[in-house]
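Some notes on the structure that comes next.
The values are calculated or read from the model by the stated rules, or taken from the named source; none is laboratory data. Being a predicted model, the structure only gives us computed values, none of them experimental. Heads up, the Cβs are rebuilt from the backbone with ideal geometry, glycines too, and the neighbour counts pull from every protein chain shown. With ligands, DNA and RNA removed, areas are computed over all heavy atoms of the protein, side chains included. Shrake-Rupley method; radii C 1.70, N 1.55, O 1.52, S 1.80 Å.
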Amino acid sequence: MSESEILFEVRGTLGLVTLNRPRAVNALTGSMVDAMLQTLTTWASDPAIAQVLVHGAGDRGLCAGGDIVAIHRDISAGGRQTADFWDTEYRLNALINSYPKPYIAYMDGLVLGGGVGISAHGSHRIVTERTRSGMPETTLGFCPDVGGTYLLSRSPGHSGIHAALTGDHLGGAEAIYLGLADYLVDSARFPQLLERLQDHPVEQVLPRFVLPQPVANLETWAEWIDVAYARPTVLEIIATLHEFGLSGNGQAQKTIETLAKKSPTALAVTLESLHRAGNLESLEAVLEQEYRVGLRFLESDDFPEGIRAQVIDKDYAPVWNPATLHDVTPESVAAFFAPLGEHELRLTPSSSVTQTIES
C-alpha cells in the first residue's frame, strides 16, 4: 500500500481519517480497510482522542466503493483476496457501528457501496448538497453488502427495497430519509466545521451547521412504492409497477426500465437478502449473511460480467446468465444463502469493539 492511500492524523482531540485516492474517488483497497480497522481499534481506547471523523480527499466524493477492478482481477485468477478483503471490511463496518466514541462521517460527493459501509454505520452521518449516495450493486451483477441490506431493510415502508433493486444514486435528502444519514450541511462550510471539531464535541458544534432537511422524493412516492415493493417476488413487483405505469405514473414506468437493465439473479437475491435481513436482529448477523452471499457471487457468471461491462470494457452491455427473471429459480436463489461451514464469517453481536481489540 502506498503511504498516501489513507492518512491518519490527530488534531486536538479529533482523530481524522482521510481516504486519499482522489483519482479513484477514494475507492477502498484491502490495505486501506486493514489500516483503518487497526487505527480505529487503537483510537477506541486512546483517552487523548474524543471523537473521529472520516472524509475523502479531492472534490469528487468520500468513497466510490470497493476497488472492483481488483475484484475482477482476483475472480479471474481464482484467488481469495476478495474474500479476505470482505472479511476485514465487514469487521470494520461492525466496529464503526459499535464504536464507543462519536464517529463522524462526512458524506460529500459520491458515497457508493463500500463508501456507505464506512459512513452509514457511524453515529453522526453528514451529507451535503453534493451528495450522491447509493448501493448500485445490482448493476454489477452483485448484491448490496457492507451492511447495506441491514440499513435498507429498515428504511421507511418499502423505500429501501426500491433503492436496493434500482441502485439509484440518491441525494442528501433521500439518504436521510432512507436512514443512511442524519444531517445536511453546506459543503462550503466544511473547513469551519472541521476546525471546530478539533477541540469541541460534535453535539455542541454540529447544530450550528445543520440545514433544514428537504422533502425526499422517496417520501412523496411512498404510496406506490409501498404497494409495489410489498409484492413477494421481483416479477410481481414489476407487474405492479406496470399497473401504476398504465395509470400514468411516469416514475413507476421509469423504474421498470431501470430494473430491466439489472442482473436478474442479482435482483432476486437482493430482494431475498432484504427480506431475510429484516428478520435478523443485529448488524453482525446481517454481515455474516452478506459474506455468505458475496462468496457465492464470486462463483457466479454475473458478477465478473457486470464488472467487465461497466468498468473493464465499458460497453455497458452485460450478458446476464440466466438472462431473464423467469429463468431464476427459487432453488438457485436459496443456494446463495447456504452455510459456508468453516469459511463462515463469525462476528459477535454488540461487542465488535471488544472483539476487535482482543483479537
### Query
Per-residue ellipticity at 222 nm for the chain, helices alone: DSSP H runs ≥ 4 residues times -39500 (n - 2.57), over residue total, nearest 500 deg cm²/dmol?
-12500 deg cm²/dmol
### Query
How much of residue 329 can a 1.4 Å solvent probe reach, expressed as accessible area in Å² and rounded to 10?
60
### Message
Using a 1.4 angstrom probe on the protein heavy atoms only, could you order 29, 138 from most to least accessible area?
### Response
29, 138
#### Entry: Net charge contributed by nearby residues that have their C-beta within less than 14 Å of residue 284 (K/R +1, D/E -1)
-4
### Task
Write down the accessible area per residue of the stretch 216-340 in Å², having rolled a 1.4 Å probe over the full set of protein chains.
47
### Query
How big is the gap, in Å, between the Cα center of the stretch 193-239 and the Cα center of the stretch 11-65?
23
### Message
Suppose every Lys and Arg Cβ carries +1 and every Asp and Glu Cβ carries -1, with no other charges. What dipole size does the stretch 60-218 come out with about its Cα centre, to the nearest 20 debye?
### Response
140
### Task
Take the chain, connect every pair of alpha-carbon atoms lying under 10 Å apart with a spring to form a Gaussian network, then pick out the residue of 153, 300, 119 with the largest mean-square fluctuation.
300
#### Entry: Whole-Hz couplings from phi, Karplus 6.51/-1.76/1.60, listed for the stretch 296-302; x for Gly and Pro
5, 5, 4, 8, 7, 7, 6
### Query
Excluding the sites themselves, what is the longest stretch of the chain that contains no GluC sites (Glu not before Pro) in a DSSP loop with at most 15 other C-beta atoms within 10 Å?
130-280
#### Entry: Dipole of the chain, positive direction: furthest Cα of 163, 99, 19, with charges on the beta-carbon
19
### Message
Let me spell out the model: positive unit charges on the Cβ of Lys and Arg, negative unit charges on the Cβ of Asp and Glu, origin at the Cα centre of the chain. What dipole size does that give, in debye rounded to 20?
### Response
620
### Message
I'd like the Karplus ³J(HN,Hα) series for the stretch 315-324: coefficients 6.51, -1.76, 1.60, θ = phi - 60°, whole numbers in Hz, and an x wherever there's a Gly or Pro.
### Response
8, 6, 9, x, 9, 7, 9, x, 7, 10
### Task
Order the following by accessible area, largest value first: 132, 60. Probe radius 1.4 Å; ligands, DNA and RNA are ignored.
60, 132
### Task
Between residue 186 and residue 331, take the C-beta separation as r, use R0 = 41 Å, and let me know the FRET efficiency to the nearest 0.05.
0.20
### Query
Roughly how many percent of the accessible protein surface of the chain is carbon and sulfur, given a 1.4 Å probe and a whole-percent answer?
51
### Summary
The long-range amide H neighbours of residue 66, using H built 1.01 Å from N in the peptide plane and a cut-off of under 5 Å, are 28, 114, 115
### Query
So who's got an amide H within less than 5 Å of the one on residue 132, skipping anything under 5 residues away but keeping other chains? H placed 1.01 Å off N, in plane.
109, 110, 111
### Query
So what does residue 246 come to for accessible area, using a 1.4 Å probe and Å² rounded to 10?
130
### Message
Given an 8 Å cut-off on Cα distances and at least 6 residues of separation, report the relative contact order of the stretch 240-326 as a percent.
### Response
27
### Query
With every protein chain kept in the model, how would you rank 199, 74 by accessible area, 1.4 Å probe, largest at the top?
199, 74
### Query
Accessible area of residue 316, 1.4 Å probe, to the nearest 10 Å²?
130
### Task
Quick one: which residues, 5 or more positions from residue 51 or on another chain, have an amide H under 5 Å from its amide H? H modelled 1.01 Å from N in the peptide plane, none for Pro or chain starts.
15
### Message
Taking 37 °C and 0.692 mPa s as the conditions, I'd like the Stokes-Einstein D for the chain in µm²/s, using the Kirkwood hydrodynamic radius from alpha carbon pairs.
### Response
159
### Message
Averaged across orientations, what area in nm² does the convex hull of the alpha carbons in the stretch 47-92 project?
### Response
5.0
#### Entry: Which of 234, 90, 172, positive extreme of dipole for the chain (C-beta unit charges)
172
### Query
Could you give the accessible area per residue of the stretch 1-67, probe 1.4 Å, as a whole number in Å²?
40
